[in-house]
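Worksheet: one structure, shown below.
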Amino acid sequence: MTVHEQTDYLDAEVNILRPSTPFMRDHLRLIWVGFLAWVLVIFGPVTATYFAQDAMTSATFLGFPLHYFLVAVGGPGGALVLSVIYSWRRDKLDQKYGIDHSSTTDTEPSAVETEPSAATDGGTTTEQPAEVTD
């Protein structure tokens, strides 16, 4: 049994400054590093343009001023890359702590699923849809 399976995460205290479990500590580190990278990717070109207007507006990249290209393409593209990196790192973190999201539970159908249920228009739905004939 892994540490993840032994930890009751619903009763564990959640504190951003002092995480109570190793998984929370590592996940929080991933979130903070990603947040700092996001701040640099999104606000870096804008800040550089403010402090070095001549260099950022006179330089061109693919025919566009450098500041425009970095904000218009670099910002959204960088955010997309950061999302992919976060997903990849989170999968590695889940694997490290033995967290498996692919498991499913087999349950027997309940009485609610076999009974007719209310439709959103106020009517009821049946178990089998009516067959369409030409």
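The values are calculated or read from the model by the stated rules, or taken from the named source; none is laboratory data. Note that the coordinates shown come from a computational prediction; the quantities given were computed from them, not determined experimentally. Please note: Cβ atoms are built from the backbone with ideal geometry, for glycine as well, and neighbour counts cover all protein chains shown.
Quick notes on this one:
- Scanning the range 11-28 for residues that are at pLDDT 75 or above and surrounded by fewer than 13 Cβ atoms within 10 Å (Cβ to Cβ), we see that the one that is farthest from residue 97 (Cα to Cα) is 17.
- Failed item, numbered, when residue 38 is tested on (1) loosely packed, with under 13 Cβ neighbours inside 10 Å; (2) within 24 Å of residue 89 (Cα to Cα): (1)
- Residue that is surrounded by the most Cβ atoms within 10 Å (Cβ to Cβ) [pool: residues in the range 64-98 that are among the hydrophobic types (A, V, I, L, M, F, W, C) and under 30 Å from residue 24 (Cβ atoms)]: 82
- Here is the figure for the range 46-76: residues that are touching a helix residue (DSSP H, G or I) at 6+ places or on another chain (Cβ under 7 Å) and either among the hydrophobic types (A, V, I, L, M, F, W, C) or at positive phi (or both) total 9.
- Residue under evaluation residue 76, criteria (1) over 30 Å from residue 15 (Cα atoms); (2) not in a helix (DSSP H, G or I), criterion not met: (2)
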